[in-house]
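Report on the structure given below.
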Amino acid sequence: MTGSNASIRELTEKSYQYGFVTAIESDNAPMGLSEEIVRFISFKKNEPQWLLDWRLKAYRQWCQLLENEKEPMWAKVHHPKIDFNQIIYYSAPKQKKQLASLDEVDPEILATYEKLGIPLREQAKLANVAVDAVFDSVSVATTFKDRLAKVGVIFCSFSEAVQKHPELVQKYLGSVVPAGDNFYAALNSAVFSDGSFCYIPKGVRCPMELSTYFRINSANTGQFERTLLIAEESSYVSYLEGCTAPMRDENQLHAAVVELIALDHAEIKYSTVQNWYPGDENGKGGIYNFVTKRGACRGKKSKISWTQVETGSAITWKYPSVILQGDDSVGEFYSVAVTNHYQQADTGTKMIHIGKNTSSTIISKGISAGHGQNSYRGLVRIQKGAENARNYSQCDSLIFGNQGGAHTFPYIEVKNNSAQVEHEASTSKISEDQLFYCRQRGIATEDAVSMIVNGFCKSVFRKLPMEFAVEAQKLLGVSLEGAIG
Amino acid sequence: MLEIKKLHVKIDETPILKGIDLKVNAGEVHAIMGPNGSGKSTLAQFLAGREIYNVISGEVTYQGKNLLDLSAEDRALAGIFLAFQYPVEIPGVNNTYFLKAALNAKRKRQGLPELDAVDFLKLVKAKMAHLKMDEKFLQRGVNEGFSGGEKKRNEILQMAILEPHLCILDETDSGLDIDALRIVAEGVNALRSPDRAMIVVTHYQRLLDYITPDFVHVLAGGRIVKSGGKELALLLEEKGYSWILEQDKHSSFVAGASL
């Protein structure tokens, strides 16, 4: 077989390979959540008063939501009630002083990223990809900052942006996902600790891929990062995030918020390869990935494109959305979600058409193996003023065996009769006929499975940056390990 | 090359093949004919390693080895090729990629170096020209959106590339118009060679106008009820299957009486 298939096979024989823990000293907040904790985090980060006020307001909104039992219950996922007082909301690797350069980053942390295949050291950096590495609650390093600064691109940790570019943060923070938007967004707004910030100035085509690499390390901590990305008029950026976590028996909560803003003629391509720990084959442990991602196409002819490959997490609850405000703006959502063993995913998108001649495309590929439950949930809303809006949705499910489930929940609301909305859906089992056909041509079962699955996902993988498409294919192999007996 | 002895095969608990005896030597072309439901396709798929069928009793040896010990992929790698009656679609999997994976799996088994993309394309384009296939097929998904005739031609293309020792053609003529039939048959004839055997399963005689068999066997009720030369096919065309079945009924009565 070809080299790539050999490596898939090699990978399928391994289980989750990022499940190690790095032994470092860390600086933790006491367990549990209160106004004091919110103040503690803000104090630790030396934040301006307006941001503390913003957090506190969010915290109060969250308390109200909790009191009124407004935790989202509509998703097709099941988990025991989360005790929000059993979580540590801030955990940072201990460091003696402010870092002057990458050389001062704890060697243990650098080694961790090396092990994950994300070299941060200058000599070994990934070619043409700038990385912001977030370890538990803080950003530990950002590469290629100087080169990006030369063209005016700001790419740094969220905390640094608060200190150095407060006017930008204040202007855009919460402008796409308001603090009280939903239960988990409110929680994030109160306690978010770090994340990435990115600003592409007018007319600039970002010269390299930007990426954030999230790593949960400490036990009992939640990770609440916040990403804010602004693309000014006629700019372009391609952004990628990746994530891993250690293997633990307890579930860990990850509740992030990502906000994207695209102004006139700007284009943002946002890709995610989500590989949080999915739990073991009996459904023990794993990350609860409850994330709010939303982009606003504010400007005319702006474009936001989400591509996600969701393979990890015990539970995924995530709907990367686009608000198509500017006339002629374009929103896209390409998704592959895999659930194996006892994983659950309820994921999809919302496309809100407000401007004229706006168009959106949704391609969703769900794969269920083992006892996995995979739901697509999507909303296409055409507002009254959205003349000539267009949407095309395609939701395909592929099922292995007969214990998993695939579900599709499309919501379509049309308030303008010039709209054209198309929805196609299909569900198929990976068929004995397909497998036999491949095997009759001499192709081994596991190679045949990866071939069929990759074929099924092709229209989404095509949207990923090249090197990550390869990564995603390998991941799929690992995630579906043992799916065919 | 292939020897089947007293083979009984069932699917679930239903017996389908009820005592098949067949010997196929290198260089020979055997046609297996018979009415619908006689077990022709079962025999073809069983020989290729389909697991839904279970052996009740009997033996099958291929190149001196017990065929029943080999998995479907090992049979393929040992040179058994089934041209499917209904080739399945594999959406999104590029036809070239699939063909190349299959050929390289075989080369690897033979201890030969894998072919790279350039050499493979050269090979495949040459074979396609013989089958009058458009090169656009290479860019499409495996059988994805192909017409019936295109699928059958794609099967013969795979056969030409993999150069098997034993070719089993399962109703390759079904769904083909006369032009497509001729092209497919020419493709098959080009592969006839003294060291290759073929089993051609067909319902109708018309395919045998183009692919002349050395032997014709009539399969009915899970057994070979009559064997002969190519003239048997013509007789069947003329008289249908019923006279053989009638004759067989009597012979089994007689056989039963002798027990």
query = Any idea how far the Cα center of the stretch A:12-72 sits from the one of the stretch B:1-26, in Å?
reply = 69
ask   = Taking the Cα centre of chain B as origin and charging only Cβ (+1 Lys, Arg; -1 Asp, Glu), how large is the dipole, in debye to the nearest 20?
value = 320
task = Report, in deg cm²/dmol and to the nearest 500, the calculated mean residue ellipticity at 222 nm for chain A, where each DSSP H run with n ≥ 4 adds -39500 (n - 2.57) and the sum is divided by the residue count.
result = -7000 deg cm²/dmol
request  = Taking the Cβ of B:Ala180 as the centre, find all other residues whose Cβ is under 10 Å away and add up their charges (Lys, Arg: +1; Asp, Glu: -1).
outcome  = 0
ask   = When only the heavy atoms of the protein chains count and the probe is 1.4 Å, how do B:Asp69, A:Asp27 rank by accessible area, highest first?
value = B:Asp69, A:Asp27
inquiry  = With every protein chain kept in place and ligands, DNA and RNA left out, what is the accessible area per residue of chain A? Probe 1.4 Å, answer in Å².
reply    = 38
request  = Compute the separation of the alpha-carbon centres of the stretch A:270-299 and the stretch A:206-252 and state it in Å as a whole number.
outcome  = 10
message = Please list, in order along the stretch B:172-182, the HN-Hα scalar couplings obtained from phi with the Karplus expression 6.51 cos²θ - 1.76 cosθ + 1.60 (θ = phi - 60°), rounded to whole Hz, x for Gly and Pro.
response = 4, 7, 5, x, 9, 7, 5, 5, 5, 4, 5
ask   = Share of the protein assembly as shown's accessible area from carbon and sulfur, percent, 1.4 Å?
value = 50
request  = Counting only C-alpha contacts under 8 Å and six or more residues apart, can you give the relative contact order of the stretch A:255-326 as a whole percent?
outcome  = 42
query = What number, in percent, do you get for the relative contact order of chain A if the mean sequence gap of Cα pairs under 8 Å and at least 6 apart is divided by its residue count?
reply = 11
query = Can you list the aspartates and glutamates whose alpha carbon sits under 14 Å from that of A:Lys384, skipping same-chain ones fewer than 8 residues off?
reply = A:Asp327, A:Glu413
note = Gyration tensor on Cα atoms of the stretch B:65-146, a ≥ b ≥ c root eigenvalues, a/c under 1.5 rounded, else prolate if a/b beats b/c, else oblate, says oblate
ask   = Taking the alpha-carbon centroid of each part, what is the distance from the stretch A:386-455 to the stretch B:125-174 in angstrom?
value = 26
remark   = Of the candidates A:Tyr342, A:Trp62, B:Ala129, the farthest towards the positive dipole end of the protein assembly as shown (Lys/Arg Cβ +1, Asp/Glu Cβ -1, centred on the Cα centre) is B:Ala129
Total charge dipole magnitude, the protein assembly as shown, about the Cα centre, Cβ charges on Lys, Arg, Asp, Glu only, Debye to nearest 20 = 860
key: Net charge over other residues, Cβ less than 10 angstrom from the Cβ of B:Lys152 (K, R count +1; D, E count -1)   = -2
task = Run the numbers on the stretch B:199-251 and let me know its relative contact order in percent, using alpha-carbon pairs under 8 Å that are six or more apart.
result = 30
ask   = Taking K and R as +1 and D and E as -1, what net charge do the other residues with C-beta under 10 Å from the C-beta of B:Leu103 add up to?
value = +3
message = Could you put B:Lys152, B:Lys5, B:Lys100 in order of accessible surface area, largest first, with the 1.4 Å probe and the full protein assembly present?
response = B:Lys5, B:Lys100, B:Lys152
task = Under 1.5 on a/c is rounded, so check that first for chain A, then, if it is not, pick prolate when a/b is larger than b/c and oblate when it is not; a ≥ b ≥ c are the square roots of the alpha carbon gyration tensor eigenvalues.
result = rounded
Mean Cβ neighbour count within 10 Å, used as a protection proxy, ranking B:165-176, A:330-341, B:48-59 highest first = A:330-341, B:165-176, B:48-59
request  = Could you please put A:His353, B:His8 in sequence from largest to smallest accessible area, using a 1.4 Å probe?
outcome  = B:His8, A:His353
query = With every protein chain in place, what's the accessible area of A:Thr427 (1.4 Å probe, Å², nearest 10)?
reply = 90
note = For the protein assembly as shown, whose charge dipole is built from +1 on Lys and Arg Cβ atoms and -1 on Asp and Glu Cβ atoms, the candidate among B:Pro164, A:Val460, A:Gly279 with its Cα farthest towards the positive end is A:Val460
request  = Project the alpha carbons of chain B onto their principal axes and report the range along each, largest first, in whole Å.
outcome  = 66, 39, 34
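The values are calculated or read from the model by the stated rules, or taken from the named source; none is laboratory data. Everything numeric in this text was worked out from a predicted model, so none of it was measured. Note: ideal-geometry Cβ built from the backbone for every residue, glycine included; neighbour counts use all protein chains shown. With ligands, DNA and RNA removed, areas are computed over all heavy atoms of the protein, side chains included. Shrake-Rupley method; radii C 1.70, N 1.55, O 1.52, S 1.80 Å.
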